[in-house]
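The values are calculated or read from the model by the stated rules, or taken from the named source; none is laboratory data. Please read all numbers here as calculations on a predicted model, not as lab measurements. Here Cβ is always computed from backbone atoms with ideal geometry, including for glycine, and neighbour counts include all displayed protein chains. With ligands, DNA and RNA removed, areas are computed over all heavy atoms of the protein, side chains included. Shrake-Rupley method; radii C 1.70, N 1.55, O 1.52, S 1.80 Å.
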Amino acid sequence: MNAPLIKRPFDVDALRAAFPILGREVHGRPLVYLDNAASAQKPEAVIEAMAGAMRGAYANVHRGLHALANETTEAFEAARATVARFINAGSAQDIVFTKSGTQAINIVAAGLHIRPGDEIVLSVMEHHSNIVPWAFLRERKGAVLKWLDVDDDGGVDLAALDALIGPRTKLVAITHMSNVLGVRTPAAELARIAHAKGAPIVFDGCQAAVHGRVDVRAIDADFYVFTGHKLYGPTGIGVLYGKSERLAALAPFEGGGEMIDIVERERVTYNEPPHRFEAGTPPILEAIGLKAAIDWYEGQDRGAIEAHEAALRDRAMDALRGLNWIKLHGEAPDKGAIIAFSVEGAHPHDVAQILDRQGVAVRAGHHCAQPLMRRLGVTATARASFACYNKLEEVDVLIEALHKARKLLS
């Protein structure tokens, strides 16, 4: 049984001290890390949990009978239970560990029973991870992709979604928070519309799981995916949540050890979920690291973190709105702390490189969202994305660095 979580009052300086990398310099300047939507930094608790497992209690899981195997299996399954609690899943058996959020979506796509003409509904602001697996179904099985448009801020038209879902719709796939615009989609309403037409829904929660509370039962998600490395955990691990009946209906994604029940020369039968989808040696150390990340995160005052991230967003948005040579992309009032922008007359890659020389790390490119870029009328943007450990003063450093970049590029 997990020990009770102790909430700590929010103190950004104390919180930053938990992240060893934040004390370093780049190009002779203090690091201002604003690339958190791509990958967040790791607290000492995660680093030590993984190192401790390797030092003191590591073996392969589930099949061993010795002490190390039993201890490691207990730690691995404790991680599954922690993830289930974190998103309010009905059971730990509804949680599948994957190598990434991307693989989690691919498991759903590969497991569907698709016939030519079956339809997948998705929005134009999806990450490529929530586009390409469905494109595979179009290329390989004759599926039809139907696209839900969004407004300039990423708002979705619920009536338009309702009109897109028909008798051949096999699944609705949509983000819970855009990795470009930061907009939060109305997940419960989206699920209600999909279910009224008899269609299941999968949410890409890779951003939403970091910037707010996720309750998969409250939003009635059939499938929900997120990744560890954006949630202050390690790379190499993702999560697929599925309602038990939905997971049971999926065909296996990969074959190998652990996902089987019986293997004979003439037939193979498969294990029950979640193990059916965890072929081979799973991400053991990474699961232990993800548990440590969630335990650390839940040990903070999450309400205060959400308020702090909103303050970071508002300070940055207000400052950027005051610059007539900056164009903001996505201004939904309740968006997360993810800000995409363009600098007049400058390519985002040039902007990012100049900011880097001043110690400010931002992302530049199409952010794995090319259909959204076309919808916005651009080929790329710069993106500043904030985390709980960013300071308000770092927003000012970003703005000062942008002024310098403007002068150099004009």
query: In percent, how large is the relative contact order of region 222-337, given Cα pairs closer than 8 Å and 6 or more residues apart?
result: 21 percent
query: How many percent of all Cα-Cα pairs in region 1-104 sit more than 24 Å apart?
result: 44 percent
- line: When all Cα-Cα pair distances of region 44-111 are considered, the percent exceeding 14 Å is 69 percent
- prompt: What net charge do the residues around Gly280 carry, taking every other residue with its C-beta under 10 Å from that of Gly280, with Lys and Arg at +1 and Asp and Glu at -1?
  reply: -3
Semi-axis lengths (Å, descending) of the ellipsoid that matches the C-alpha gyration tensor of region 313-357: 20, 12, 10
field: Whole-percent carbon and sulfur share, accessible surface of the chain, 1.4 Å
entry: 53 percent
- prompt: What number, in percent, do you get for the relative contact order of the chain if the mean sequence gap of Cα pairs under 8 Å and at least 6 apart is divided by its residue count?
  reply: 23 percent
query: In Å², what does the accessible area per residue of region 40-182 work out to with a 1.4 Å probe?
result: 40 Å²
Cα centroid separation - region 35-104 against region 207-248, whole Å: 14 Å
message: Viscosity 0.692 mPa s, temperature 37 °C: what is the translational diffusion coefficient of region 348-410 from Stokes-Einstein with a Kirkwood Rh over Cα pairs, rounded to a whole number of µm²/s?
response: 261 µm²/s
- prompt: Convex hull volume of the Cα atoms in region 123-230, per residue, in Å³?
  reply: 99 Å³
message: I need the calculated FRET efficiency for the pair Ser91 and Lys327, taking r as the beta carbon distance and R₀ as 51 Å, to the nearest 0.05.
response: 0.65
query: Across the Cα atoms of region 77-155, what radius of gyration and what greatest pairwise Cα-Cα distance (Dmax) are found, in Å?
result: 15.4, 43
- line: With N residues in region 263-370, Rg(alpha-carbon) / (2.2 N^0.38 Å) equals 1.70
query: Of [x] 80, 63, 37; [y] 97, 47, 42; [z] 71, 54, 34, which is the value of Cα extents along the principal axes in Å derived from the coordinates here?
result: [z]
- request: Please give the net charge around His229, taking every other residue with its beta carbon less than 10 angstrom from that of His229, where Lys and Arg add +1 and Asp and Glu add -1.
  value: +1
Environment charge at Met317 (Cβ cut-off 10 Å; Lys +1, Arg +1, Asp -1, Glu -1): +1
- line: Taking only the alpha carbons of region 243-295, the radius of gyration and the largest Cα-Cα distance, Dmax, both in angstrom, are 13.5, 46
message: Just the number please: accessible area per residue for region 233-369, 1.4 Å probe, all protein chains included, in Å².
response: 41 Å²
- line: From the Cα centre of region 325-372 to that of region 374-410, the distance in Å is 6 Å
